[in-house]
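Reviewing the structure listed below.
The values are calculated or read from the model by the stated rules, or taken from the named source; none is laboratory data. No experiment lies behind these values; they were computed from the predicted model shown. Cβ coordinates were reconstructed from backbone atoms using ideal geometry, including for glycine residues, and neighbour counts include every protein chain displayed.
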Amino acid sequence: MASLELIAENCAYAANMAAALLGTWPFTRTITGYPEMRGTAQFHEFQASPSSLLYREELLFPAPNGELLPGHREYLYKFLPGLTADEPTLTIYFVRGAVVGELFMQLSFKNNCANGSHLCYLDLYKGMFELLSPQHLRITYSITGPKKDHRIVTDYLR
């Protein structure tokens, strides 16, 4: 299995990136204006699609009354070669139940970082994945629009 450190040095092979993410990642998440959340994410091989991982997170979301509410989300992470050999792409799709749904975002890797954006109606989602070490992945989303102005930072540590 490849390490995130190896990926940070050379992002030429999308399959190595997928292999490095396999497994369980505890995380903390901060969203502008909300209390910190904690959860666990798992990346599993997705047999139906080569170089793809099924991502599932489970977390506890603090409600305004202080109660912790459980939640979960699933995505399909599809790693593909990019336009150039050293810039592979990551395409992320929503998953609902057992059905792969619409596109969430496509990001292009450069060294230890991937960036991308997606317009959802009038809201612009900008994403950044940072491979900070073999044990630390950070995903940041900036969401702006007529009714949105959020920053979501998720730190995965193992």
Contact list, first residue from the stretch 78-104 and at pLDDT 90 or above, second anywhere and among the acidic types (Asp, Glu), beta-carbon distance below 6 Å, six or more apart or interchain, is Phe94/Glu102; Val95/Glu74
Considering residues of the stretch 18-39 that are of a type in the set (Ser, Thr, Tyr) and loosely packed, with under 14 Cβ neighbours inside 10 Å only, the residue nearest to Asp149 (Cα to Cα)
Thr32
State which residue is modelled with the highest pLDDT when the search covers only the stretch 15-33 and only residues that are part of a helix (DSSP H, G or I) and more than 15 Å from the chain's Cα centre (by Cα).
Asn16
Subset of the stretch 40-52 (residues that are out of contact with any Lys or Arg (no Cβ under 8 Å at 6 or more places or on another chain) and either exposed (fewer than 13 other Cβ atoms within 10 Å of the Cβ) or not polar (S, T, N, Q) (or both))
Phe43, Glu45, Phe46, Gln47, Ala48, Pro50
Six or more apart or on different chains, Cβ under 6 Å: which pairs go from a residue in the stretch 119-147 that's under 27 Å from Thr24 (Cα atoms) and surrounded by 15 or more Cβ atoms within 10 Å (Cβ to Cβ) to one that's at pLDDT below 90 and among the hydroxyl-bearing types (Ser, Thr, Tyr)? Could you list them?
Pro134/Ser3
Against the conditions (1) among the hydroxyl-bearing types (Ser, Thr, Tyr); (2) modelled with pLDDT of 85 or more; (3) part of a loop (DSSP other than H, G, I, E, B), where does Ser108 fall short? Just the number, please.
(3)
For the stretch 120-138, does any single residue satisfy the condition of being touching a Pro at 6+ places or on another chain (Cβ under 9 Å) and not in a strand (DSSP E or B)?
yes
